[in-house]
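One structure is given below, encoded as structure tokens.
Quick note: the coordinates plus some simple rules give every number you see, no bench work behind them. Note that the structure is a prediction, hence the values are computed from the model and not measured. Here the Cβ positions follow ideal geometry from the backbone for every residue, glycine too, while neighbour counts run over all protein chains shown.
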């Protein structure tokens, strides 16, 4: 379960890197009347809570959903479904999580929310990874990679997509492809001077080196 949760938050977190603190979001939402902007703030608060309090994250997402429906705000509805799905996945309710992720993806695609669609396709890949449906996980992870690379041109998210693919291939016992994807991630993080991310990629490579005994591939 820990692998699935890490996988789900991997791309999603990188795509929300600029989200303000919960305190500042809560102050802001108090100043905004009910409507689309209010829904957006509630969904940001819900996502921020997903690492701190699942109960608050889910409650806030439901509140956002109710208001989004009231204002016929499809993007807000999709964001709420995605946040609720993250909560269900972290709790281990993967069936409900997958249903909500698919609902979120449909709405995000319909509204042209490329950023959201990239995160949700990766989240769906994480669910399939947990169920050991590796080909499905790869299919959705490649969709996420294509969006962040070609549409968003977000290099950090691209690097994290390579990490995600490396994790899938590691679980699939395809060490060569796992090494290749982790190395691609490391090179991107190195070029971007993202030392913590580069260190995590090196750790993945080192773990594979120890697991498979391919010392030369860790260089």
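All Cα-Cα separations within segment 82-157 were binned at 10 Å from zero, giving a P(r) of 22, 51, 25, 1, each value a whole percent of the pairs.
What FRET efficiency would be calculated for the residue pair residue 203, residue 28, taking the C-beta separation as r and a Förster radius of 45 Å, to the nearest 0.05? Mind dumping the intermediate values first?
Values: r = 37 Å, r/R0 = 0.81.
My answer for the efficiency is 0.80.
For segment 147-219 versus segment 68-87, the spacing of their alpha-carbon centroids is 32 Å.
Build a GNM of the chain with springs between Cα atoms under 10 Å apart, and of 31, 70, 184 the one that fluctuates most is 31.
Within the chain, the ratio Rg/Rh, alpha carbon atoms throughout and Rh by Kirkwood, equals 1.00.
Dividing the summed -39500 (n - 2.57) terms of all DSSP H runs of n ≥ 4 by the residue count of the chain sets its mean residue ellipticity at 222 nm at -25500 deg cm²/dmol. Counting every other Cβ atom within 10 Å of each residue's Cβ, 158, 109 order from fewest to most as 109, 158. One chain, two ends: residue 174 and residue 96. Fully extended at 0.36 nm per residue, the span grows by 25.1 nm beyond their Cα-Cα distance.
Computed over the chain with a Gaussian network model linking Cα atoms closer than 10 Å, the most mobile of 81, 162, 134 is 134. By the beta-carbon count within 10 Å of each Cβ, the least crowded to most crowded order of 53, 21, fewest first, is 21, 53. Between 0 and 90 degrees, the angle of helix 195-212 with respect to the longest Cα principal axis of the chain falls at about 50 degrees. Across 51, 186, 156, mean-square fluctuation computed from a Gaussian network of the chain (C-alpha pairs under 10 Å connected) peaks at 51. Indicate the gyration tensor shape class of segment 16-84 (rounded, prolate or oblate), computed on the Cα atoms with a ≥ b ≥ c the square roots of the eigenvalues: a/c under 1.5 is rounded; otherwise a/b larger than b/c is prolate and the rest oblate. Oblate, since a/c reaches 1.5 and b/c is not below a/b. Helix 2-15 and the longest principal axis of the Cα set of the chain meet at an angle near 70°.
Angle of helix 114-130 to the longest C-alpha principal axis of the chain, folded into 0 to 90 degrees and rounded to 10: 60°.
Residues of segment 146-186 with amide nitrogen under 20 Å from the 7 Å Cα-to-Cβ point of residue 114? Counting backbone N atoms under 20 Å from the label point, the list is 146-162. Let me check against my output: what whole-number percent is the relative contact order of segment 48-181, with C-alpha pairs under 8 Å and at least 6 apart? In percent, rounded to a whole number, it is 15.
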